[in-house]
Amino acid sequence: MYKYGVADRLLRFLLPVALCLTIYLYLYPLFHGCVFPATHGSTTSSLIDTVRRHLPFDHAIDASSNSLTAPFRLLALADPQLEGDSSLPKPDDAFIPTLRRRWAHLSATGLHDVSPFLELAREVVLHDVPEALGALRKRIDLFGNDYYLGHIYRTLHWWTQPTHVAVLGDLIGSQWVTDAEFEWRGWRFWNRVFAKGHRVEDDIALLDGEEQERIFELGDASWTTRTINIAGNHDIGYAGDISRTRMDRFERAFGKANWDVRFQYPRSNATLVAPEVVATSHPSLHLVVLNSLILDGPALSDDLRSETFDYLNGLINHRLRPVEDRSSFTLLLTHLPLHKKEGTCVDAPFFDYWPDDDGGGVYKPHGMREQNHLSEEASHRGTLQALFGMSGDRDAPAQGKGRNGLILTGHDHEGCDTWHFVPAESAWSTSEDQHEDKRETLWDVSKWEQANQATSHTGVREITLRSMMGDYGGNAGLLSAWFDQGEGEWKYEIRMCGLDIKMWWAVHVIDLVVLGLSLFSLFTHRLHLHLHARSGTGSRVVASPHDVKTTK
């Protein structure tokens, strides 16, 4: 009875705690104010609008809330890095095989002396058992981490109702894993973390010709379950060790590494463009997925590098809108951040190269082994000038201001928010400059919160998304983009949302304890009732003969 009473009192205390914590965990976006920014209005109005969309009578308020809801809402996640066998003991080093080897060795040396038994017991207790417990803890950690990451995706997807989802690279934890391990981590990715999501189909990513363009309407519901996966260095490697085999297995599991698609306002919404705004085409958002890991060489596969540059040339020459077209917005999704001077972000510029040998053919001698950023050449000429059309030359098309857009990257787990720009004082006019052939665009970068766009000739924002791993707070980005009919150009806003992994574990541990106490309490209640019933029946059976005797 004492044990039963303690368990019951503990349950009465823990049950409301567990209930409150569980409600918090499964509604954490509501408590954290995690919502997509509205086209206009405060965070409060965005939150109210999101709550309304979950009400059973939301159809009655659609007309009033649609004006606040951005037509393009991207749930952006970075660097989940699913670990696996590389963080666990090898099968031959597991507890049972190790124990068998120790026993075989002991048997071979003879069983005549007790000291070998004591030495064996000492090794098992002090070495093997702790290692086995550590491996078990790691297995539980890997299992729980999958569902922690899955909880972030599932809860935010349900609550915020994104139109698109993207993972900015490093889907798994190592490019050196075997094909079997890669497939296992891919299965975990699609069945535990991004359950009910699926890769972008090849018939969308592959074009019949460079001039062909895939166009979907904003609001196409089929994109809500597609997951746009960007290739990271832990998925395929760096340029010096990216092989055709690695690229093929990544694309089979997660989708193509280089592709682009355009999302446009429905034709019925053409009135969004103000009459006084001259637009060369229908308002649209151009989403570009780029494998930036192979832009800087030397590369192991020259063919793969050539294919990437061929893709870029086709994109630039045929599918990008003219720089003067303000009705188009370019959203670049890639893994490696652009070049920045040291101190701008946590990761400073860093490049490392493989040694003279080829490692048995697995990497390129002197090839790119590791890099924190793209090189200055790939960042400035290859991205800012080629893709975004930005220049310091005021006589260039659109005065060199380039395309309106945004860059989202991963890789730097701490995250960073920067403004790449051409200082106004460095811009020039070829018609006035006698040495225009020698002039080159000068680029600078600053943290976004310190940026002074008034002193910039032109620029573009790059957001390096903080990792969604538990060590970095389970971060997610909520990006809204819309076409402003008044100004005749695209606008965007992004917010971050996180979930502490310690809270996730704590809630589930408390829930398991409450479940265990509930079962124990139920069992003891039933046992107590059963024993009480038996004791009552026994008393009546014993008393019956006595009553008969008394009667006689």
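Residues that are in a loop (DSSP other than H, G, I, E, B) and surrounded by fewer than 16 Cβ atoms within 10 Å (Cβ to Cβ) within the range 491-507 comprise just one, Asp500.
The set of residues in the range 363-415 being closer than 29 Å to Arg246 by Cα and assigned to a helix (DSSP H, G or I) consists of Glu376, Glu377, Ala378, Ser379, His380, Arg381, Gly382, Thr383, Leu384.
Residues that are of a type in the set (Phe, Trp, Tyr), more than 28 Å from Phe72 (Cβ to Cβ) and within 17 Å of the chain's Cα centre (by Cα) within the range 158-191 comprise just one, Trp187. Within the range 167-225, the set of residues being at negative phi and basic (Lys, Arg) comprises Arg185, Arg188, Arg192, Arg199, Arg214. Residue count for the range 296-334, restricted to those that are under 12 Å from Asn404 (Cβ atoms) and among the small types (Gly, Ala, Ser): 2. For the range 386-404, a residue qualifies if it is within 23 Å of Asp296 (Cα to Cα) and buried (at least 19 other Cβ atoms within 10 Å of the Cβ), and the qualifying residues are Leu387, Phe388, Gly389, Met390, Ser391.
Residue-by-condition table, conditions (1) of a type in the set (Ser, Thr, Tyr); (2) without any contact (Cβ under 8 Å) to a residue 60 or more places away in the chain; (3) outside the structural domain of Leu315 (by TED's automatic domain parsing):
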residue: Arg381; (1), (2), (3): no, yes, no
residue: Gln385; (1), (2), (3): no, yes, no
residue: Arg403; (1), (2), (3): no, no, no
residue: Thr409; (1), (2), (3): yes, no, no
residue: His420; (1), (2), (3): no, no, no
residue: Pro423; (1), (2), (3): no, yes, no
residue: Ala427; (1), (2), (3): no, yes, no
residue: Ser431; (1), (2), (3): yes, yes, no
residue: Thr441; (1), (2), (3): yes, no, no
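All of Pro71, Pro89 fail the test of being over 18 Å from Met496 (Cα atoms), modelled with pLDDT of 95 or more, buried (at least 16 other Cβ atoms within 10 Å of the Cβ) and of a type outside the set (Val, Ile, Thr), apart from Pro71.
Based on what the data block shows, is Trp187 out of contact with any Leu (no Cβ under 7 Å at 6 or more places or on another chain), closer than 24 Å to Pro283 by Cα and not in a loop (DSSP other than H, G, I, E, B)?
Working: out of contact with any Leu (no Cβ under 7 Å at 6 or more places or on another chain): yes; closer than 24 Å to Pro283 by Cα: no; not in a loop (DSSP other than H, G, I, E, B): yes.
No, not satisfied.
Looking at the range 348-361, which of its residues are closer than 20 Å to Leu304 by Cα and modelled with pLDDT of 95 or more? Before you say what the answer is, go through the steps one by one.
Of the range 348-361, the ones closer than 20 Å to Leu304 by Cα are 353-354, 358-361.
Of everything in the range 348-361, those that are closer than 20 Å to Leu304 by Cα and modelled with pLDDT of 95 or more turn out to be Tyr353, Trp354.
Among the residues of the range 460-468, some residue qualifies, meaning at least one is outside any strand (DSSP E or B), in the same structural domain as Leu331 (by TED's automatic domain parsing) and touching a Pro at 6+ places or on another chain (Cβ under 7 Å).
Any residue in the range 337-347 that is within 20 Å of the chain's Cα centre (by Cα), at pLDDT 95 or above, of a type outside the set (Val, Ile, Thr) and in a helix (DSSP H, G or I)? There is no residue in the range 337-347 that is within 20 Å of the chain's Cα centre (by Cα), at pLDDT 95 or above, of a type outside the set (Val, Ile, Thr) and in a helix (DSSP H, G or I). Determine if the range 343-355 includes at least one residue that is under 29 Å from His318 (Cα atoms), among the hydrophobic types (A, V, I, L, M, F, W, C) and surrounded by 16 or more Cβ atoms within 10 Å (Cβ to Cβ). Among the residues of the range 343-355, not one is under 29 Å from His318 (Cα atoms), among the hydrophobic types (A, V, I, L, M, F, W, C) and surrounded by 16 or more Cβ atoms within 10 Å (Cβ to Cβ), which makes the answer no.
For the range 469-488, what are the residues that are surrounded by fewer than 18 Cβ atoms within 10 Å (Cβ to Cβ), farther than 19 Å from Leu149 by Cβ and either touching a Pro at 6+ places or on another chain (Cβ under 9 Å) or among the small types (Gly, Ala, Ser) (or both)? Spell out how you get there, then give the answer.
Step one: of the range 469-488, the residues surrounded by fewer than 18 Cβ atoms within 10 Å (Cβ to Cβ) are 471-473, 484-488.
Still in the running and farther than 19 Å from Leu149 by Cβ: 484-488.
Answer for the range 469-488, where residues must be surrounded by fewer than 18 Cβ atoms within 10 Å (Cβ to Cβ), farther than 19 Å from Leu149 by Cβ and either touching a Pro at 6+ places or on another chain (Cβ under 9 Å) or among the small types (Gly, Ala, Ser) (or both): Gln485, Gly486, Gly488.
So, Thr280, is that one farther than 29 Å from Ser467 by Cβ, of a type in the set (Val, Ile, Thr), modelled with pLDDT under 95 and not in a loop (DSSP other than H, G, I, E, B) or not? The answer is no for Thr280. Does the range 165-173 include one or more residues that are β-branched (Val, Ile, Thr), outside the structural domain of Arg52 (by TED's automatic domain parsing), surrounded by 17 or more Cβ atoms within 10 Å (Cβ to Cβ) and more than 27 Å from Tyr238 (Cα to Cα)? The answer is no; no qualifying residue exists.
Between Leu338, Leu374, which is touching an Asp or Glu at 6+ places or on another chain (Cβ under 6 Å), crowded, with 23+ Cβ neighbours inside 10 Å and closer than 26 Å to Ala424 by Cα? Show your work before the answer.
Values: Leu374 fails: touching an Asp or Glu at 6+ places or on another chain (Cβ under 6 Å).
Sole residue among the options that is touching an Asp or Glu at 6+ places or on another chain (Cβ under 6 Å), crowded, with 23+ Cβ neighbours inside 10 Å and closer than 26 Å to Ala424 by Cα: Leu338.
Screening Lys138 with (1) without any contact (Cβ under 8 Å) to a residue 12 or more places away in the chain; (2) part of a helix (DSSP H, G or I) gives one miss only, at (1).
In this structure, does Thr418 turn out to be assigned to a loop (DSSP other than H, G, I, E, B) and either more than 19 Å from Leu293 (Cα to Cα) or of a type in the set (Asp, Glu) (or both)? It is false that Thr418 is assigned to a loop (DSSP other than H, G, I, E, B) and either more than 19 Å from Leu293 (Cα to Cα) or of a type in the set (Asp, Glu) (or both). Picking from residues in the range 214-239 that are farther than 30 Å from Gln371 by Cα and of a type in the set (Asp, Glu), the one that is surrounded by the fewest Cβ atoms within 10 Å (Cβ to Cβ) is Asp220.
Looking at this structure, is Gln161 farther than 16 Å from Met468 by Cβ and crowded, with 19+ Cβ neighbours inside 10 Å? No: the conditions fail for Gln161.
The values are calculated or read from the model by the stated rules, or taken from the named source; none is laboratory data. Every value quoted in this text rests on a predicted model; they were computed, and no experiment measured them. Cβ coordinates were reconstructed from backbone atoms using ideal geometry, including for glycine residues, and neighbour counts include every protein chain displayed.
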